[in-house]
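The values are calculated or read from the model by the stated rules, or taken from the named source; none is laboratory data. All values reported here derive from a predicted model rather than from experimental measurement. Here Cβ is always computed from backbone atoms with ideal geometry, including for glycine, and neighbour counts include all displayed protein chains. To get the accessible areas, we keep the full protein, side chains included, count just its heavy atoms, and leave off ligands, DNA and RNA. Shrake-Rupley method; radii C 1.70, N 1.55, O 1.52, S 1.80 Å.
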Amino acid sequence: MSHALCLVLGWLALSGHIGSSQVVFEGRAGGYPVRVVITPPGVVPAQVPILVRVLDGAPTRVTVRAAQWNLGTKGAPPAEEAAVVPGDPGVWSHDLWIMTSSTYAVHVAVEGPAGAGSFIVPLQTSATRTLGMTPVMSGVLLALGTLLVAGLLTIVGAAAREGSLLPGERPTPKRRRTARVAMAGTAALLGLALFGGAAWWNAEEGDYKRRMLKPIPMTAAVRTVDDDRVLTIAITDSLWRSNRSTPLMPDHGKLMHLFLIRADDTDAIAHLHPLRVHADTFVTRLPALPQGRYLLFGDLLFQSGTQRTLVDTVDVPVAPVVAGGDDGVPVALATSVPPLDPDDAWRVTQAVALGERAVLTGGGSMQLDAEDARGGIAAGRDLRLRASVRNDDGSEAALEPYMGMGGHAMVLRRDGGVFVHLHPMGTASMTAQAQLARRERGDTAFIDPAVVPVIDPAVVHSVVHADMTSQASPGMSHGETLSFPFVFPGPGQYRLFVQVKRRGVVETAAFDVQVARPPAGSGPAR
């Protein structure tokens, strides 16, 4: 197992993303553009900090409310008032109590002179860790417990020895023996109580750990079929295979968004969309990627709004030489393996620094800049990554929708510990947001992949896109500029891949970003 994969697996249980559980969403609430940052603590129950940054205007009231995906607001506590952060009048914050591991619809409402509006932010809460205890706290509690036990034994002994004596009367040897017996019996009872309490605590902790979010077991392998490399992903999870998990639903028209990034130098990336050929099996041909070991990230969306990411490494062999006909044209591949999806995109490229221009394969260039960086890019700060695309002649390029969005971005920390699939609206899924909104209205309709003949890519493509035509991302831009709100979860060297569609072709550019540690005392994202 590679060093990068070890790091990835160590971060697995955070959310639908790897190494980052924060939810960043940018949209409009009535007349107010806002950016929301939600930071789940990784333990349940817990208070979840919610930060609402009003990007323009001065609202008078901001409220937040969390409703479980299967209950809606009818079964949720009332909305709670957010407060203005001292020294930053454009930022409102509130801590919401979350009591169970589930998917929630966080309702954010803004009111002010520009009107009133609200939207839903999907939030996953899962127990991913246990809270430890510092040595100092352990020592203090041990000392206090010892003092409490000693005090109780002293009280019992004094009561048995002198409780019924008259003032000035001395206890007899018999009373002294009775006191010692009483103290010994009390100590035994306390020992049994402490033993039982420890057993109960260990059982509760074990149950908590069993309910913690864990990786979805899977296997991935590349084999050669009909002179082509084919990647097969098989999910081996028992809940999945026994059909006890929540059904999958398409996100941006695809049942899985698969990302392959070459592990050694991260110079090759593929954004693919495997077909589901069986309840637990996905298959895709591989494009013209160079050989090597690749990090594999497969994004899935469930009907509940939960996002999960499959993680593995896979060895990609050298592409086989395909025999050609008399005219030198390669012979057609057999139809037993589905062709690549029309929205699949890949590229082998060298990254440029943030702020520099990356050359695109179709001509022209792309530049990525960080807004709201306030003097530098530091972990834990909410900001906006803005991509601008220009043609060969320097004119602004017209971008086209790519799977219902203005573009897609992938954020990878170079050690493999962080991977996030970004959209113009942030880290949240637009499909999950729409599904939660439909459920709130009492509409439980969803596309059931089980009824789709998934071996036929044309059928899959048409069916899963049917529900996307009416959806629009508040942060989506189809013009020459495109922005992605994001919070880097930790310091380190990151590589960002940005994909846009221009003249019917998906273009990919890579950028390197050095993220510094947050300033001392800066606290959560502001």
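Here are some notes:
- Residue check, MET403 at pLDDT 95 or above and either more than 30 Å from TRP240 (Cα to Cα) or surrounded by 14 or more Cβ atoms within 10 Å (Cβ to Cβ) (or both): no
- Residue match in segment 439-449 (condition: open to solvent by less than 30 Å² (accessible area, probe 1.4 Å), of a type outside the set (A, V, I, L, M), at pLDDT below 50 and in a loop (DSSP other than H, G, I, E, B)): no
- One residue stands out among those in segment 278-324 that are among the β-branched types (Val, Ile, Thr) and modelled with pLDDT under 90: the one that is least open to solvent (accessible area, probe 1.4 Å), which is THR306.
- All told, ALA83 falls short of being out of contact with any helix residue (DSSP H, G or I) (no Cβ under 9 Å at 6 or more places or on another chain), in contact (Cβ under 8 Å) with a residue 40 or more places away in the chain and not hydroxyl-bearing (Ser, Thr, Tyr).
- Residues in segment 162-183 that are in contact with a helix residue (DSSP H, G or I) (Cβ under 9 Å, 6 or more places away or on another chain), open to solvent by 60 Å² or more (accessible area, probe 1.4 Å) and part of a helix (DSSP H, G or I): GLU162, ARG175, ARG176, THR178, ARG180, VAL181, MET183.
- Considering residues of segment 231-265 that are at pLDDT 90 or above and closer than 17 Å to PHE497 by Cβ only, the residue most open to solvent (accessible area, probe 1.4 Å): ARG262
- ALA398 vs. criteria of a type in the set (A, V, I, L, M), in a loop (DSSP other than H, G, I, E, B) and either open to solvent by less than 10 Å² (accessible area, probe 1.4 Å) or out of contact with any Leu (no Cβ under 7 Å at 6 or more places or on another chain) (or both): yes
- Qualifying positions in segment 342-355 - in a loop (DSSP other than H, G, I, E, B) and in contact (Cβ under 8 Å) with a residue 40 or more places away in the chain: PRO342, ASP343, ASP344, THR349, GLN350, ALA351, LEU354
- Given (1) more than 20 Å from ASP280 (Cβ to Cβ); (2) in contact (Cβ under 8 Å) with a residue 12 or more places away in the chain, number of the condition ALA221 does not satisfy: (1)
- Pairs meeting the criteria (first residue in segment 190-218 and more than 14 Å from SER101 (Cα to Cα) and open to solvent by 50 Å² or more (accessible area, probe 1.4 Å), second residue outside any helix (DSSP H, G or I) and of a type outside the set (Ser, Thr, Tyr), beta carbons under 7 Å, at least 6 apart or on different chains) are PRO215/VAL311; PRO217/ASP237.
- Search result, residues across segment 122-175 that are in contact with a strand residue (DSSP E or B) (Cβ under 6 Å, 6 or more places away or on another chain) and among the aliphatic types (A, V, I, L, M): LEU123
- The condition (being open to solvent by less than 20 Å² (accessible area, probe 1.4 Å), outside any strand (DSSP E or B), at negative phi and in contact with a helix residue (DSSP H, G or I) (Cβ under 7 Å, 6 or more places away or on another chain)) is satisfied by just one residue among ALA67, ALA105, ALA127: ALA127.
- Selection count where residues are farther than 22 Å from SER304 by Cβ, in contact with a Gly (Cβ under 8 Å, 6 or more places away or on another chain) and either assigned to a loop (DSSP other than H, G, I, E, B) or among the aliphatic types (A, V, I, L, M) (or both), scope segment 220-273: 3
- Residue identified as closer than 18 Å to VAL506 by Cβ and aliphatic (A, V, I, L, M) among MET405, MET425: MET405
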